[in-house]
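Remarks on the structure that follows.
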Amino acid sequence: MGAPSPELCNLWLARAFNAQDVDAASAMYHPDASIVQVDKVHGGTRIARGAEAIRETMSAYIHLKPHMDVVTHHTTIAGEFAMTRSQWLIKGVNGHGEPLEVHHHGMEVHRQLPDGTWAFFIDHPFGADPEWATMKPPRTD
């Protein structure tokens, strides 16, 4: 079960992280979802696909004993899909007991579920990071 609207998906995910609830965090994702894993959390950047891989990804976040703060900057809806852009900060503890802070600007695609709620379908947690931007694109010939 997802959130009542795509605008709330990031907030509901943050609440699941803050409650350290792997089931609730995993339930925010469509069964066929994909998420890009964050190197600082997962020890590499790769794409996790499907319910089992999403659960493993969420478990790694929950293992940090995190507190997540998030804001959704905008939402665009087209039929059963929506795109959001977010900014998020997770503070937790790494496997060595040291403080860990992860901050990114995400891009997310959500899909409406049969029950009318919304879930993450594609999650790129750092897909909108400012350092990816250029002042202007190079000339296209």
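Read-outs: derived from the displayed coordinates by stated rules, not from any lab. Because the structure is predicted, anything quoted here is derived from the model rather than measured. Counting neighbours? That spans all protein chains shown, and the Cβs are built from the backbone with ideal geometry, glycine included.
Structure notes:
- Of everything listed in (1) closer than 17 Å to TRP12 by Cα; (2) in contact (Cβ under 8 Å) with a residue 40 or more places away in the chain; (3) not hydroxyl-bearing (Ser, Thr, Tyr), the single unmet condition for ILE54 is (2).
- Qualifying helices (runs of 4 or more DSSP H) (wholly inside the range 1-98; at least 2 residues being charged (D, E, K, R)): 6-18, 39-42, 50-63
- Checking each residue in the range 42-64 for being buried (at least 18 other Cβ atoms within 10 Å of the Cβ), out of contact with any Leu (no Cβ under 7 Å at 6 or more places or on another chain) and of a type in the set (A, V, I, L, M) picks out ALA48, ILE54, MET58, ILE62.
- Enumeration of residues in the range 2-41 that are free of Cβ contacts under 8 Å to residues at least 24 places away in the same chain, farther than 18 Å from VAL102 by Cβ, touching a strand residue (DSSP E or B) at 6+ places or on another chain (Cβ under 9 Å) and surrounded by fewer than 20 Cβ atoms within 10 Å (Cβ to Cβ): PRO31
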